[in-house]
């Protein structure tokens, strides 16, 4: 019996154990937390969203981490995903419980012994315009009661990331549970410059072979031009948004393909530029191949989290196929499911087979440039 207990992969037969002892062993093995196959790092938020049409979302789970996790789970619903983030003690415990019920491993979410303001407000004036202004006049304009939980909120100032100072939500290597290091694939959502320069090196040292990164707006500014090597070297894929990328190259280039080639030259395998409703541009550094992928024609309800869901889907697709073009298609479909409803979990409620059907349809519309 001692030998069987420590080698769970050699399943004992029912004949070798009485029913009661066999059941106890089975329960023990089921209770053991499995190691995640994917690691996702980012930020969590308390979202307050006024869409261009539809019902406002008041104090709901948000942040790039949960949307990227859902984008990945669209394709890998049965694989454990390890989440890494920092939140304050005032972050709703019920939301963390909901993440766990959805199958996400929350051991990497570090709850700090202090309050951390993670509120995020935005209003969509139309399909393509998102504002992060003072929320008071927008609630008044629509005749909506102002949420008490939003009192005292101030719009973010979007400062530059610091090269030397960690913020409360910056991630440290010590935030990664030891069990997570058995994974080999990771995505880092928009956090801050220090996190994005420190964590990839730690992950590579731990044996991760696939690392994708979506940069923060506070890093993609001309001030950080000379820091490109430390941000990009060794990445599998760099996944910036078009608006942030144009801001970064302001005064240097207006050509997105030229921008992608510059980024890829810093030992980054693939660059994917997210262009919103126009889809994505893919640049393969090794072959210098360029691809245009149109966005799947989804019924837009709420675009919140679409870019993050794309990143999660991209990681799932790349690890399934190790083909960057196929990975973009997977991410594209994850984004299309996300924008058709509100809240981070809407994409997980899609009809069985819908994601695969969209993937098959989208394959017919890619274009090599």
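A few points about this structure:
- Qualifying residue in region 174-186 (condition: part of a loop (DSSP other than H, G, I, E, B) and modelled with pLDDT under 90): no
- Comparison of 196, 187 shows that the only residue that is surrounded by 16 or more Cβ atoms within 10 Å (Cβ to Cβ), over 22 Å from residue 104 (Cα atoms) and in contact with a helix residue (DSSP H, G or I) (Cβ under 7 Å, 6 or more places away or on another chain) is 196.
- Single match in 329, 315 (criterion: touching a helix residue (DSSP H, G or I) at 6+ places or on another chain (Cβ under 8 Å) and without any contact (Cβ under 8 Å) to a residue 60 or more places away in the chain): 329
- Taken over region 285-312, the residue count meeting the criterion of being farther than 29 Å from residue 53 by Cβ and touching a residue at least 60 places away in the same chain (Cβ under 8 Å) is 4.
- Residue list for region 115-161, restricted to those being within 17 Å of residue 217 (Cα to Cα), assigned to a strand (DSSP E or B) and in contact (Cβ under 8 Å) with a residue 24 or more places away in the chain: 120, 121, 122, 130
- A residue that is surrounded by 15 or more Cβ atoms within 10 Å (Cβ to Cβ), in contact with a strand residue (DSSP E or B) (Cβ under 6 Å, 6 or more places away or on another chain) and assigned to a strand (DSSP E or B) cannot be found anywhere in region 162-170.
- Subset tally (residues that are modelled with pLDDT under 50 and either in contact with a helix residue (DSSP H, G or I) (Cβ under 8 Å, 6 or more places away or on another chain) or crowded, with 24+ Cβ neighbours inside 10 Å (or both)) for region 23-46: 1
- Members of region 73-96 found to be at pLDDT below 95 and either touching a strand residue (DSSP E or B) at 6+ places or on another chain (Cβ under 8 Å) or part of a strand (DSSP E or B) (or both), listed by number: 79, 80
- Selected residue [in contact (Cβ under 8 Å) with a residue 24 or more places away in the chain, part of a helix (DSSP H, G or I) and more than 23 Å from residue 160 (Cα to Cα)] from 282, 203: 203
The values are calculated or read from the model by the stated rules, or taken from the named source; none is laboratory data. Every value quoted in this text rests on a predicted model; they were computed, and no experiment measured them. Quick reminder, even Gly has a Cβ in these numbers, built from the backbone with ideal geometry, and neighbours come from all protein chains shown.
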